[in-house]
Amino acid sequence: MFINNLSEILDRQEIQILQDRFTRITGVASVITELDGTPFTGFSGICSFCSAIRNNPEGMKNCLRNNVNFNDMSSDRVSLLRCPATDLWETGVKIRVAGQHVGNWIIGQVKPEDFDPSVAAEFAFSLGMDRMWIQDAVSSIPEMKETDFTMILEILHLFANQLSSLAYRKYLLKKEIAEKNAISRQLNYLNFHDPETGLINRQLCEERIDHLIQVGLRTGKDSFSLIMISLAGIKHHKELYGPEGVKTIVSKLARVLMVSVRNEDTVCRFSTDEFLIVIENHDNSINSPEIVYERILHTLEAGVTLENSRVKIHIHGGMVSWNPSEKIESSQLVRKCYAALQESRKKDCPKLVVYTEDMFKAVMFEYELEKSFDKAIREEEIVPYFQPIVKLNEKNGSKVYGYEVLARWNHPRYGILMPGLFIPLAEQHDMLRELTAYIIRKGARFIKEINRENRDSPLFISINITPDEFIRQDLVNMIQKILQEEELPGHWIKLEITENSILKGGEDSIDKIRELNEMGIQISMDDFGTGYSNLSLLCRLPLNNLKLDKSLIMMAEENENFIQAVIRMADSLNLEIIAEGVEKQSQIDILKKMGCYLHQGFFYSLPMDAQTIKSAGLTSSSRELIH
Ligand code: C2E
Ligand code: CA
Ligand code: CA
């Protein structure tokens, strides 16, 4: 860090006190100066003669002339010097901080033993001073032996050391602040830029678009357009050239986009393989979005060299224009552009697709759901549905055994929405934990109420847990807390996990399942038979249930051998098997023949809300069901 002047590293008042103390102890005048001779402090102990000279403009020019010479001396030790104007002694020390010479501490106004009074007198006289006054003033200046003055110079060195350490502390502080500032500037940059391409990121770009909309609405002019471009076949590139190859392609594309627009336009890295361009005030000229896009396609024709071969870069593009009569949020406008890009992807053709309203509906629907999800839980628009799991007996009778809880969103505008639509949204927006807790709580209250009448053989509820939820550190605590608050015994709850949960959770899964088991909670392996069904893993896990996936049951006849094998294995592992998606009597017959008596499916009951389940009389564990 370079120091420009003393005030950057010294506190003037603090240093003045130090300097005054030096003069009080030694009786020698002193001052601290910048490298160019400008005093940084006020003079301490200045004699009346020198004071009068400094009060004169010509005299001032001559004062401290030696000081600047210090800077040229190779040694840090300054010898005794004679003032060229007054023949008085002066000397000093160079002030160094962190190796940099930053100023001088000058002392002097002392008569040497061989002092020639005529030099000072003639000089003062030439400045227009009175001879009598000069004589008096000069005679009152202290005289010193060279050894004494040298000794005082040594004392000055001690004082200067103290000053340097004060300055060094301030220097370190300043350096730390400068470094912190540099880091925060860097962070700030990273917050708004993509480090790989140097382009601005989505957040900053949306802020710019917001700004353009605000300005446009105010002025009534200044339209602009957005072009969203995506790199086609990124997966393919990754397979062929690896992540480094993809980086090269993306950088090349970023450069092409940059050179294809004017300086005032904005290019942003929107996601890994998507870019957003904002083109302002283009008035159908050579900078219209269509022409810019053509230019990009043309420039991309050259491709990029990777592993000694030419690689073509293919893109898709969508665009939307904004005019000042349209009141819209930037994120919504970007979504329109995104919808056009999606259309271009669907067509799989490099032509630029211009946005039209019909493209928007699908994207907008998703957007609206995303925005209202928070409220949906808060205002209980999310509703737990319950689908009975039934237990058959040897004859054709069956009784309710438990329920799987299936979430529904009773949306004020779109009606009942299925979980396949909103569970992924909740997961994307980090809200699944809230949803899971809500579903468990609602389920707990339902089963508690139902089991008041099923004291001898209580029913259970079975809750779906996604892999990401399952691997959360706080899952067990969260469930424990709800069970305590709702005063629900653990064995009234089952959790349905999938093989993916175990794959994601690794070895920790076993401990987690054990912890849950200790609370009385049973674990079901859901969707069994769809994934890659690792049987050895299944043997090691302390599971309680296996749910045969509905795709197997749908074609029960074709899958008879597999189902039979799974049932045998489950028996040997002491696992209960539940067949999902049972819709027909023929499926029931096959399942019963193979010894599978726990069923769930539309044949017995659709998933229904709590009230409907109660009105349909599906709440007793002892009453035979009539189908
Ligand atoms: P899943 O766990 O496999 O749930 C069973 C799905 O099969 C449910 O679909 C259910 O309505 C449907 N089903 C039941 N019987 C039959 C039948 O006889 N035939 C056919 N074709 N389908 C049947 P749903 O309710 O749409 O749920 C879909 C998935 O959403 C669930 O699959 C589950 O993975 C997830 N899900 C539902 N609720 C929640 C929840 O609260 N949290 C979590 N994390 N996931 C949930
Ligand atoms: Ca399930
Ligand atoms: Ca399932």
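Tabulated values for the structure
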quantity	calculated
Number of the exception - Asp348 against (1) surrounded by 14 or more Cβ atoms within 10 Å (Cβ to Cβ); (2) touching a strand residue (DSSP E or B) at 6+ places or on another chain (Cβ under 9 Å); (3) within 30 Å of Glu427 (Cβ to Cβ)	(1)
Tally of residues being exposed (fewer than 14 other Cβ atoms within 10 Å of the Cβ) and within 16 Å of ligand 2 (Cβ to nearest atom) across the range 543-563	1
Which numbered condition Ile25 misses (of (1) more than 45 Å from the chain's Cα centre (by Cα); (2) of a type in the set (A, V, I, L, M, F, W, C); (3) surrounded by 15 or more Cβ atoms within 10 Å (Cβ to Cβ))	(3)
Leading residue by the ranking (farthest from Ile578 (Cα to Cα)) among those in the range 385-415 that are outside any loop (DSSP other than H, G, I, E, B) and polar (S, T, N, Q)	Asn410
Failed criterion for Ile513 (all others in (1) under 29 Å from Leu488 (Cβ atoms); (2) within 16 Å of ligand 2 (Cβ to nearest atom) hold)	(2)
Residues satisfying the stated conditions in the range 520-563, i.e. of a type outside the set (Phe, Trp, Tyr), more than 27 Å from Val476 (Cβ to Cβ) and away from ligand 3 (no atom under 14 Å from the Cβ)	Met555, Ala556, Glu557, Glu558, Asn559, Glu560, Asn561, Ile563
Residues (away from ligand 3 (no atom under 16 Å from the Cβ), closer than 17 Å to Pro458 by Cβ and touching a strand residue (DSSP E or B) at 6+ places or on another chain (Cβ under 8 Å)) located in the range 481-519	Leu483, His491, Trp492, Ile493
Pairs, first at negative phi in the range 380-404, second among the acidic types (Asp, Glu) and part of a strand (DSSP E or B), C-beta under 6 Å, six or more apart	Val383/Asp609; Tyr385/Asp609; Gln387/Glu404
Restricting the range 167-197 to residues that are among the hydroxyl-bearing types (Ser, Thr, Tyr) and part of a helix (DSSP H, G or I), the residue that is nearest to Val97 (Cα to Cα)	Tyr168
Residue pairs meeting the criteria (Cβ under 6 Å; at least 6 apart or on separate chains; first farther than 13 Å from Met569 by Cβ, in the range 537-553; second within 12 Å of ligand 1 (Cβ to nearest atom) and in a helix (DSSP H, G or I))	Ile553/Gln587
Single condition Asp456 does not satisfy, out of (1) modelled with pLDDT under 95; (2) touching a Ser or Thr at 6+ places or on another chain (Cβ under 8 Å); (3) under 27 Å from Ser524 (Cβ atoms); (4) surrounded by 13 or more Cβ atoms within 10 Å (Cβ to Cβ)	(4)
Residues satisfying the stated conditions in the range 295-308, i.e. touching a residue at least 24 places away in the same chain (Cβ under 8 Å) and either closer than 19 Å to Ser321 by Cβ or not in a loop (DSSP other than H, G, I, E, B) (or both)	Arg295, Ile296, Leu297, Thr299, Leu300, Val304, Leu306
Residue list for the range 549-582, restricted to those being more than 17 Å from Asp527 (Cβ to Cβ) and in contact with a helix residue (DSSP H, G or I) (Cβ under 8 Å, 6 or more places away or on another chain)	Glu557, Glu560, Leu573
Unique residue being farther than 20 Å from Gly402 by Cα, within 50 Å of the chain's Cα centre (by Cα), more than 16 Å from ligand 1 (Cβ to nearest atom) and surrounded by 14 or more Cβ atoms within 10 Å (Cβ to Cβ) when the list is Leu575, Leu537	Leu537
Selected residue [in contact (Cβ under 8 Å) with a residue 24 or more places away in the chain, within 15 Å of ligand 3 (Cβ to nearest atom) and surrounded by fewer than 20 Cβ atoms within 10 Å (Cβ to Cβ)] from Gly595, Gly601, Gly581	Gly581
Pro324 being more than 12 Å from Ser230 (Cα to Cα) and either more than 26 Å from the chain's Cα centre (by Cα) or acidic (Asp, Glu) (or both)	yes
Scan of the range 67-90 for residues that are outside any loop (DSSP other than H, G, I, E, B) and over 58 Å from the mean Cα position of the chain (by Cα), ordered by number	Leu81, Arg82, Trp89, Glu90
Lone unmet requirement of (1) surrounded by 21 or more Cβ atoms within 10 Å (Cβ to Cβ); (2) under 22 Å from Val390 (Cβ atoms); (3) within 15 Å of ligand 3 (Cβ to nearest atom); (4) at pLDDT 90 or above for Val566	(4)
Ser344 at pLDDT below 90 and assigned to a helix (DSSP H, G or I)	no
Residue within the range 62-83 that is at pLDDT 90 or above and out of contact with any strand residue (DSSP E or B) (no Cβ under 9 Å at 6 or more places or on another chain) present	no
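The rows are residues; the columns are (1) in a helix (DSSP H, G or I); (2) of a type outside the set (A, V, I, L, M).
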| site | (1), (2) |
| --- | --- |
| Arg218 | yes, yes |
| Leu226 | no, no |
| Val246 | yes, no |
| Val320 | no, no |
| Lys327 | no, yes |
| Ser331 | yes, yes |
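Residue by residue, here is whether (1) in contact with a strand residue (DSSP E or B) (Cβ under 9 Å, 6 or more places away or on another chain); (2) under 23 Å from Met418 (Cα atoms) holds:
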| position | (1), (2) |
| --- | --- |
| Gln564 | no, no |
| Ile578 | yes, yes |
| Ser586 | no, no |
| Leu591 | yes, no |
| Gly601 | yes, yes |
| Asp609 | yes, yes |
| Ile613 | yes, yes |
| Ser620 | yes, no |
| Arg623 | yes, no |
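The values are calculated or read from the model by the stated rules, or taken from the named source; none is laboratory data. Owing to the predicted nature of the structure, the values given are computational and were not obtained by experimental measurement. As a convention, Cβ positions derive from the backbone with ideal geometry for all residues, glycine included, and neighbour counts pool all protein chains shown.
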